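K.L.:
Dropping the structure in here first, questions after.
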Amino acid sequence: MPSPDPAHPSIDSHAADAPLRIVDFAPTDTLLRDDVNALGVLVGEILAEQRGPAFLAEVERVRQAAIRRRESAAPVAELADTLAGVEFAHAADLVRAFASYFQAVNLAERVHRIRRRREHERSRDGAQPGGLRDVVARLAAEGVSAAEVAELLPRLRIEPVFTAHPTEAVRRALLEKERLIVSCLVADIDRGRTPGERRADRERIRLALTASWQTAEAPPVKPSVADEFEHISFYLSDVLYRVLPVFHEVFEEALRDNYGEDAPVLPAMLGFGTWVGGDMDGNPNVGADTIAATLSGQRALVLGAYRSDLGALSELLSQSVSRIGVSPELLARIEQYSVLMPRAQERLHPRHADMPYRSLLALMSERLWATSHDEAAGYPDAAAFLADIALIEHSLSEHAGEHAGGFAVRRLRRRAECFGFHLASLDLRQDSAMHDGALAALLDDPDWARHTVDARVAVLHGLLDGSREAVQPDAAAAASTLAVFRAVADLRPRHGERAFGPYIISMSRSAADALAVLALAGIAGCVDGEGRVPLDVAPLFETVDDLDAAADTLRALFADPVYRRHLQARGNRQVVMLGYSDSAKDGGIVASRWALQQTQIALTALAHDSGVRIAFFHGRGGSLSRGGGKTERAVIAAPRGSVDGQLRLTEQGEVIHRKYGIRALALRNLEQATGAVLRATLRPRPPEPREGRWREIAAQLADDARRHYRALVHEHPDFPAYFRAATPIDVIERLRIGSRPSKRASGGQGGVESLRAIPWVFAWSQNRAGLTAWYGVGSALETALREHGDAALAEMARDWPFFGTLIDDVEMVLAKSDMAIFERYSLLAAPLPDGDLHARLYPGIAAEFERTRKAVLAIKREDELLAGDPRLRLSIRLRNPYVDPISVLQVDLLARWRAAGRPDDDVLQALVATVNGIAAGIQNTG
């Protein structure tokens, strides 16, 4: 691809309105420009090499047409005419050409973030805004004492949970190539490379880009759960395992810098979770077998990583007893292991006999090998492995070894404290209806789910008290459910208590749903030595109505004596999962955000009154209409008292790749999340006297927005057919990027209710409408502006983080949306058998978009979207001319594919390429 200089905008706010082709990069970003230019030239060379100069010229011609369309507000039809009737295989190549550009510019921007971080670190205070150095310094300046920090640290817990819900699942083979490109770009950040080294880096980058071009974005078959495990394991074992000790070192340094000798000792506070292999909700491919396979795979990965670390430590810790002392306890451990593992002792090199650290490390590695092979000599648990690490750490500290390896040993200890022998906690999730079905079979009661809550609770009490005479233990319909609990009972002793996260109950609506899990676990024998179920039971409240009723549900649960005994055994801590995706799909973004806010307020008050600590688990997706957005802003906007030192949230889709694909950026994201939790817990926002009035307005906004949203999405008789025509949902349903079906098992034929939230949102981001994040918002805001005035709502957006974050998020989606391109998709609904649905629905949707845009601008007192965020605004402008051709191609291909009866042929493959390309360009998808 030719050098993109002329078409790339600056991040200089003064140039924000300049014509796209003449905007320059700001001086602070000249190195970003250099990276973009260099990568763009390489992409162009590769396209010419792989598809010929004529192909490269065609790509440039399409690019120029897209830019003209943006600069002169020309009709989309002119760009569409340029691409009409393109051969299918050629269309896929065109899409991949633009996607190659996205890959290059995305990587350049990520590397630039690393560059900016280093610039902050080299500055006088070294505190990047939002990082731990910055947050701790600000808290100390605001009077937070070392004692306050020390009191919080033992309960501080940050836990990202990686799910298998892909909207942009980058193949591991491509992830490895991206890492190679990043390493070459990062190596030159300080411009210390010689010309020869730079030429070598350029060739390595070219190799990676060329190999990426020649590699299919997705495998030819639908991924299995094992494939999803391999994908997630890249981030856990190759990225987070590496950055975890660095995170603790940054945190410790920040505490020392601000509290000196009073700095508290930093405990382990990071943890990681996963749903891969344990999320049974709607996925028939997940069950007891995948649970066992996932835990086994994770164990093998982390034990292998420890053995690698032990090998590296062995090279460092070459101390000889003739030169330095060693603790007697360490020498005794060597003797103990010589007896335990005589063959391992025999393999020790005789020349290392005077090097006790090296000898012990070799024996520890042998014991880890035995652990992974279930041999008697293996470690019984991670605590025993940590005890050996502690022996080495203590001996070094007592014998002048801090700077002779103590630092490296401490890094291994940090990793072992976090990852144990399990790597990541495996959450289990199942729909409450599946539990009801299992109980109906076990009790031989087909009407089980239709009984009142009180009647079901009474029966469940009997089951939990051991009265199980009426249970049909061989009921086939309950076999898979009971097998899961039996697997937990069998696997927990081997993998450890932390191997399992909470058991999440989707579609929770009553106390009976939680008691059902305890009863089924008891029937399966999933209990500890004292007869208690060793799992946190976490209700997931998903719809707006269920969120509204959550406090009453938990109040009844906490009043239940049987469940209260379970809670006492779990430390009087209740995990509650909040569903962002389905609540937004149910009632729209305003109703969802408001219900989530109100639920957290009500449950925080309930926790105070009941003495049960409620730990919120935020089920957020990648897109804003599924709870996406900046984590630190969401934490700060949470209700007072609801954070309480903890953040557990799902990470999924393209968000995982964007936040955790590069080690330096993974570290930055962990710092930002932790810093936000520190601030929200130690110095929450003071009480705001105006908030009562603001809440009244927000409640009315939520009601109005929900009514407008549901009138279209759930109540308009033509909407389901329109949705299926005006979005590429039929392509998304055929994608091979996840093991879970796109529809719920109980769903109908294409209705909105039957569709899962991820493909629902994904479809609306593909057609550039972004409808799920703004429809209904404009009508509600228009009413509020008329009744309260723009000054009142502007004050809310400025001074109330909840409302300000909501408005900013809606603004961003509006800025990424393009109604002119969406109209091309909408026209696909014109020739339907039911009539011209485009004519019936598009005008109202377009009018609502304009109402929302005008209302947001009135509240923000701006004339253009993102006027207050020039960097984001220009980043979107940078990508739009390259996404537009892919969108236009997708519309053309959709029409031809549907006319041919939606065959599984080259047209579908070209359409899949457009889906991947748009996802890479938009970056907020599912």
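K.L.:
What residue among Leu330, Ala89, Ala140 has its Cα farthest toward the positive end of the dipole of the chain, where the charges are +1 on Lys, Arg and -1 on Asp, Glu, each on the Cβ?
P.N.:
Leu330
K.L.:
Given an 8 Å cut-off on Cα distances and at least 6 residues of separation, report the relative contact order of the chain as a percent.
P.N.:
Dividing the mean separation by the residue count of the chain yields 16 percent.
K.L.:
Another question about this same structure. Mind jotting down the distance between the C-alpha centroids of segment 254-309 and segment 672-720, whole Å?
P.N.:
If we compute the Cα centre of each part, the gap is 32 Å.
K.L.:
Further, regarding this structure: Relative contact order of segment 691-868, please, whole-number percent, based on alpha carbon pairs below 8 angstrom and at least 6 residues apart.
P.N.:
Taking the mean separation of contacting Cα pairs over the length of segment 691-868, I get 27 percent.
K.L.:
Find me the longest stretch of the chain that has none of the exposed GluC sites (Glu not before Pro), where exposed means in a DSSP loop (not H, G, I, E or B) with at most 14 other Cβ atoms within 10 Å.
P.N.:
With a cap of 14 other Cβ atoms within 10 Å, the longest stretch comes to 143-374.
K.L.:
Tell me, how many Å apart are the Cα centres for segment 807-840 and for segment 128-164?
P.N.:
43
K.L.:
Run the simple label-point estimate for Glu787 and Arg861 please: 7 Å along Cα→C-beta, distance reported in nm.
P.N.:
Taking the two extended label points, one gets 2.4 nm.
K.L.:
Shifting gears a bit: Just list whichever of Lys177/Lys222; Lys177/Lys585; Lys177/Lys816; Lys659/Lys854; Lys630/Lys816 have alpha carbons separated by over 27 Å in the model shown.
P.N.:
Exceeds cut-off: Lys177/Lys585; Lys177/Lys816; Lys659/Lys854.
K.L.:
Something else now. Where the only charges are on Cβ atoms (+1 Lys, Arg; -1 Asp, Glu), what is the dipole of the chain about its Cα centre, to the nearest 20 debye?
P.N.:
1340
K.L.:
Taking 0.36 nm per residue of separation and subtracting the Cα-Cα distance, what length does fully extending Gln472 through Glu121 add?
P.N.:
Full extension of this stretch gives 119.9 nm more.
K.L.:
Then there's this: With both bridge residues required to lie in the chain, what share of the DSSP beta bridges run antiparallel, to the nearest 5%?
P.N.:
5
K.L.:
Taking R0 as 51 Å, what's the FRET efficiency between Ala387 and Asp834 from their Cβ-Cβ distance, rounded to 0.05?
P.N.:
For R0 = 51 Å, the calculated efficiency reads 0.15.
K.L.:
Sticking with this one: What trypsin sites (Lys or Arg not before Pro) does segment 35-143 have in DSSP loop regions with at most 15 other beta carbons within 10 Å?
P.N.:
Filter output for segment 35-143: Arg124.
K.L.:
Please list, in order along segment 846-853, the HN-Hα scalar couplings obtained from phi with the Karplus expression 6.51 cos²θ - 1.76 cosθ + 1.60 (θ = phi - 60°), rounded to whole Hz, x for Gly and Pro.
P.N.:
Once θ is set to phi - 60°, the couplings for segment 846-853 become 4, 5, 5, 4, 5, 4, 5, 4 Hz.
Only the coordinates and a few stated rules stand behind these numbers; no lab work does. Model, not experiment: these values are computed from the prediction. Backbone-built Cβ (ideal geometry, glycine too); neighbour counts: all protein chains shown.
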